[in-house]
Every structure is written in C-alpha cells, then in structure tokens.
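This report concerns only the one structure given below.
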C-alpha cells in the first residue's frame, strides 16, 4: 500500500513553461489555459517533485534543461496536509537538491500519469494489482500452494528464503535457477538453450577405429613371437662365423709331418756328452816330465796321466771341434723347440676344429631372416600401440561426451522443472489465481465509478487486460481510453491510500462528458486530491472546485483571472 498524506499546496517557480504558480488543492482542482500556456509544466513539476520522474528528460544530468529560459534555477515546493514540506531546487548545470515524498513504482506512476497502467506489460500490471490488493502469499502458505501443484519438497526447501518474501521474490529465484541451468546446458552442449534443441540434442560420438581387446591380444602374441625370435637369433649369433681358409689352415697344420722330438733329443744328449768329453780333453793341463820328457796331462780332477803330445795345431783343431759340437747342439735345440711349437700348433688346431664341429657354423641367412621378422613384428606392434593410444583418446572423448550428454539431460530436466515453478510464482501463475478472486472487488469499485461518471463499462479481466464495454483498451477511442485511465487511476489512489491523481488533457472529452466528470470527481472521489488539466478557450468557473488559469507561464486563481 502507498498511503501518502494528502497534498495541500504546490508552489512552482521557473520550471519549464511555468514562471510562477501557487496552487491550493482542497479536493478537485482544475488548471486550464490555452495551448503552450504552461499547464503541462505544472503537471510535470508535481510529478518530478513527487517521484523524481518526468518524460521530458531521460537523464538527471539533463535536468538543467528544465530551468525556465532566462532563470538561474527552478524550484518546486510541496506542502502536505500533515504539515510536512518537500522542496526540489534545480540549477542551470542540472544539479538537483531535495527529497521526494513517494517512491516511483507502477502504482504511483498510474496515479500521477494514468495512462501508465495501460502501457505496462501484462505481467507488470498483474504485479502492480497484486501489490495494490495485497495478493501475496508468503512462507508456509506459499509452500503449501506450490506443493499442491506438484512442486517437490526439495525444490520448495531450496526457495524457502525467497518464499518468506513473497511470490515476486520466489519468481525471481526461480528465474535465476532457470538461467543457471540454461547456462549449464549451454556449457555442456556449446549451444544456446532452446526447448526443441534440448529435446533433440545428442553429442556426435566419434567412431571406434579398432577392436581394443583383439588388438591387445595381437600385441601380446607379437611380443611373445618376438621374444622367441630374439632367443633364436641370439643362439645363432653365438655360433662362430666359420672361415673356410681358416679351417683349411687348421687342417694343414694337423696334416703337416712332424719331426721325431725323441730322436732329436737323443741326438742332442749324445752331442752334449761328446762335447763334455772333448771339453775335458781341452781342459787337461799339458806338461812334460822333467826327467824323461814324457808328455803328461793333469786332468781337472787332479789326476796325472800320460798323454799323446799335442802341438799347437792339434790344440786349434780341438777348439774348432768344440765349437762345431756346440753349434750342432744349438741346432738340435732349435729343431726340438720348433718341433714342440709345431706339436702345440697341431694340438691347438685340433682343439679349434673340435670346437667348430661342436657349436656348428653360424647361418648368416637365418640371422638376416630372423632380424627382418623381428623388425616387422616391431613395426606392427608399434602401429597397433599407436592405434590403441588413438582408441584410448577416442574412448576418453566418448566418455566425456557421455558425461556432457548426462549433464545436458539433467540440466534440461531442471529447466523444465524450474520453468513450471517460475510460471507458478509469476503473476500469471498462483498470484493470477488469487488475483482473479480479488479483482471481483476491484471491478465493483470501477463499475461504481463508471456509473457515477456516466462512463461506459470498464473492467480489468483475469489477465489484467483493460476492457471498455468488452472491447480491448487498444481498440477504443482516445476519449474512451481517457475515461478508463481516469477510473483506474482513481481506483488505485483510493485502494492504495496514495490520495493524489493528476488527469491531463481532459479536453479530449466532449462538453457532456466533462459535465459528468466534474461532479464524479468532486463528490464521488472526495478522499482523493484530483488535479484536472485541460485546454480551454476561457477560464473555467466550476462550483466546488479550485480553478486556476494558465497564461504566459503564470498561474492565477479563477477570481483573479475573471
């Protein structure tokens, strides 16, 4: 409910086309004048001072344009019945100082600009009517109404705080939930949410390129085969590489005739014995017997014996013989050593041949073939592993797409749920059901005003649409629309307690209609201060109404104007 103290007096200075005006509002007030006399400026001034809104300027920074040309400032003062005053002052730079007595909302706008109600969207009209008629269920009652209409206890619990503030807050909460779930659906699908799209959307799944279990089995089989091939190739590579020339050489060593080492040894021993004997003779000391001059010899052992006398030639020959014997012994020793080396070589050759025959000869062609098979297996295995990695990536993408589809499906379900809840909480839902019941009383009051003002039948239907004699408001004439606007504004003012209605352009009515409007407003709407604005040829004189005449931006009372 608005409940504003009645407005008693308005004082205006240098506002738009109004240079000065002091207007008392005892009940019904009529402000008339010619075109461009300043009537609308007065109406705009009252509206601006009351709710800080007028259609002349869109932005507060443009308020300087409202100051009358040639003036330094504009001033508006409102005096209320309870003695309170509200002043607004605007300078040429657009700065406005002051307070307003009422809040700007659809109901106050309807009272101060009656056409506003018809201009509202259907839901806005419903919301305004619900506020006016206090059709607003909250808390447990609201929860019960939602539960009766199939809303789950879980969802009701989630909006419990909003429900305590009433259906408009619950509707805002449900709309926020809708936005969140639509955003979730868009994030999952990459598309803007739409009912048809959400019903039919499915992610495009990539095709699986291989049979993963079969591929893994094939890889295991290849690896097993490769291990066996590697073992076989290792065994083959362990065999020696047989060189035919080497084998022939070994066999030649074995087949070569060897010398008789034992015979050579015996010959050397005999030669050594002969050498020793000869050397013994050579070492014998020769001398002559002093008595008989016989040739004697002293052996190394100290034995004196008779020897053949030896001359110098004989001694030289003996030495030559010893050297020859030594040379013979050296030759025999060399031959024995060579014979031993040959025997060693023969033994080693025999051992080498035995080893070759035991291991077998390496098959080079087999090694090449095994290496090629191992390489082919490796290439196939690596290819299959790559395919597996690609398949894993595809499967991961499929899993991700399935998760996205699940999220999208859940989000779509919740969008449907909260769409229904939002509608139930909207002015077209539960409030509309309750409003329809409350509108019966409103239409009774509207009908009463229509009878008193001799207006055609005006009503507000369940969809908050205005009808005039059953016809939609938009299809009616300007004068019929004015009557509907006036009746609805008066009804809102009376029911809300706002207590002020501004009715501009009453001159759209013909003389007979004007004659009916004045007593209706004067006598039937005494609880509301009503200000009528209209273009007339001469100052009006209406019994029971405060009449003012606007001329050249100045507002004077009827007596002064007369």
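The values are calculated or read from the model by the stated rules, or taken from the named source; none is laboratory data. Computed from a prediction, not measured in an experiment: that's the story for all the values here. Here the Cβ is made from the backbone with ideal geometry for all residues, glycine too, and neighbour counts use every protein chain on show.
Which members of the stretch 191-229 meet the condition of being assigned to a helix (DSSP H, G or I), in contact (Cβ under 8 Å) with a residue 12 or more places away in the chain and closer than 30 Å to residue 383 by Cα?
212, 215, 216, 218, 219, 222, 223, 225, 226, 229
Only one of 112, 88 is at pLDDT 90 or above and either closer than 30 Å to residue 462 by Cα or not assigned by TED's automatic domain parsing to the domain that holds residue 526 (or both); which? Talk me through it step by step, then tell me what you get.
Working: 88 fails: either closer than 30 Å to residue 462 by Cα or not assigned by TED's automatic domain parsing to the domain that holds residue 526 (or both).
After applying the criteria, what remains is 112.
Which residues, counting only those in the stretch 4-33, are over 24 Å from residue 518 (Cβ atoms), in a loop (DSSP other than H, G, I, E, B) and in contact with a helix residue (DSSP H, G or I) (Cβ under 7 Å, 6 or more places away or on another chain)?
16, 17
Of the numbered conditions (1) buried (at least 16 other Cβ atoms within 10 Å of the Cβ); (2) in a loop (DSSP other than H, G, I, E, B); (3) touching a residue at least 12 places away in the same chain (Cβ under 8 Å), residue 36 satisfies every one except a single condition; which is it?
Condition not satisfied by residue 36: (1).
Out of all the residues in the stretch 84-106, which are part of a loop (DSSP other than H, G, I, E, B), over 27 Å from residue 552 (Cα atoms) and out of contact with any strand residue (DSSP E or B) (no Cβ under 9 Å at 6 or more places or on another chain)?
Just the residues of the stretch 84-106 that are part of a loop (DSSP other than H, G, I, E, B), to begin with: 84, 92-95, 99-105.
Going one step further and asking which of them are over 27 Å from residue 552 (Cα atoms), we end up with 84, 99-105.
Listed by number, the residues that qualify are 103, 104, 105.
Condition check ((1) closer than 27 Å to residue 445 by Cβ; (2) buried (at least 16 other Cβ atoms within 10 Å of the Cβ)) across all residues:
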{"residue": "93", "(1), (2)": "no, no"}
{"residue": "99", "(1), (2)": "no, no"}
{"residue": "107", "(1), (2)": "yes, yes"}
{"residue": "115", "(1), (2)": "yes, yes"}
{"residue": "118", "(1), (2)": "yes, yes"}
{"residue": "121", "(1), (2)": "yes, no"}
{"residue": "126", "(1), (2)": "yes, yes"}
{"residue": "131", "(1), (2)": "yes, yes"}
{"residue": "140", "(1), (2)": "no, no"}
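Scan the stretch 66-78 and give yes if some residue there is in a strand (DSSP E or B), within 28 Å of residue 524 (Cα to Cα), touching a helix residue (DSSP H, G or I) at 6+ places or on another chain (Cβ under 6 Å) and touching a residue at least 12 places away in the same chain (Cβ under 8 Å), otherwise no.
Yes, the conditions are met somewhere in the stretch 66-78.
For residues that are farther than 29 Å from residue 523 by Cβ and in contact with a helix residue (DSSP H, G or I) (Cβ under 6 Å, 6 or more places away or on another chain), tally how many sit in the stretch 433-462.
The number of residues fulfilling the criteria is 2.
Going by what's in this entry, would residue 431 be described as surrounded by 19 or more Cβ atoms within 10 Å (Cβ to Cβ) and part of a loop (DSSP other than H, G, I, E, B)? Let's see the steps before the verdict.
Values: surrounded by 19 or more Cβ atoms within 10 Å (Cβ to Cβ): yes; part of a loop (DSSP other than H, G, I, E, B): no.
Answer is no for this residue.
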